[in-house]
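The values are calculated or read from the model by the stated rules, or taken from the named source; none is laboratory data. The structure presented is a predicted model; accordingly, all values stated were derived computationally and were not measured. No Cβ is skipped: glycine too gets one built from the backbone with ideal geometry, and neighbour counts run over all protein chains shown. Accessible surface is based on the protein model in full, side chains and every heavy atom, while ligands, DNA and RNA are left aside. Shrake-Rupley method; radii C 1.70, N 1.55, O 1.52, S 1.80 Å.
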Amino acid sequence: VLILLGPPGAGKGTQARMLEERFGLVQLSTGDLLRAAVAQGTEAGKAAKAVMEAGDLVSDQIVIDILRDRLNADDCAKGVILDGFPRTIAQAAALEEACTSDAIGLSLYFTAPEAVLTDRLLSRGRQDDTLEVITHRLSVYAKTTEPLVKHYADQGLLREINSDRAVEDIQADVLTTVSGALNQSNIA
Ligand code: AMP
């Protein structure tokens with residue numbers, strides 16, 4: 001399991017799709033799964049809609065259930081890229097339970113200055129990308145998700161990627177880092 005960690009706007013989704021193509025891994029974005037649930041009007045989607053629009057985190061229970069549906073033990077073994085999950089320590093613990101712990105091969109940590117992230121999110125112009133919501137999302141990230149950096153660093157699994165660069169440069173760095181890890185271990 002490859003975890004893409006970092007604030008909104010750091011380019012995790014773009015890199016996840018690139019890695020999926022290059023390495024034949026399955027990429028799972030909990031944001032995409034939740035948006036699909038909202039569009040389908042499922043119970044989880046109904047509960048998540050307003051929370052997402054406000055830029056808050058959907059409850060661990062809902063997100064973990066949605067991810068578990070997609071991530072059975074087989075998928076963990078085959079190799080998945082997680083984009084936007086885990087976002088809380090409780091989610092990280094649930095992931096460690098769902099997969100054998102050594103299945104978590106690497107966590108890429110994307111970083112960029114806050115002003116760069118805000119500009120990118122504003123220009124992306126998705127429904128939850130107003131300035132007010134963006135500012136809130138970044139503060140939720142700093143408070144609730146940022147502690148995961150230490151969680152994975154302590155396990156020796158963290159690799160930092162400078163996201164304040166052209167997308168091709170980020171991609172080259174990601175490829176080198178992931179290829180190196182794949183050669184050394186069973187990241188998939
Ligand atoms: P994203 O596309 O990853 O930026 O996610 C969009 C929105 O979905 C977030 O602002 C959250 O409201 C919600 N979301 C996505 N992933 C998670 C998660 N792992 N935990 C809680 N909420 C999430």
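Below is a table of values for the structure above.
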| quantity | calculated |
| --- | --- |
| Test: residue in segment 52-73 that is within 20 Å of L19 (Cα to Cα) and surrounded by 20 or more Cβ atoms within 10 Å (Cβ to Cβ) | yes |
| Failed criterion for A92 (all others in (1) among the aliphatic types (A, V, I, L, M); (2) farther than 24 Å from I170 by Cα; (3) open to solvent by 30 Å² or more (accessible area, probe 1.4 Å) hold) | (3) |
| Residue satisfying condition, being open to solvent by less than 40 Å² (accessible area, probe 1.4 Å) and either without any contact (Cβ under 8 Å) to a residue 40 or more places away in the chain or touching a strand residue (DSSP E or B) at 6+ places or on another chain (Cβ under 8 Å) (or both), within set L117, L121, L108, L131 | L108 |
| Breaking point among (1) surrounded by 14 or more Cβ atoms within 10 Å (Cβ to Cβ); (2) modelled with pLDDT of 95 or more; (3) farther than 15 Å from K12 by Cα; (4) not hydroxyl-bearing (S, T, Y), for K150 | (1) |
| The one condition in (1) within 17 Å of the chain's Cα centre (by Cα); (2) hydrophobic (A, V, I, L, M, F, W, C); (3) in a helix (DSSP H, G or I); (4) away from the ligand (no atom under 11 Å from the Cβ) that M52 fails to fulfil | (4) |
| Unmet requirement for Q91, which otherwise passes all of (1) under 24 Å from V167 (Cβ atoms); (2) touching an Asp or Glu at 6+ places or on another chain (Cβ under 8 Å) | (1) |
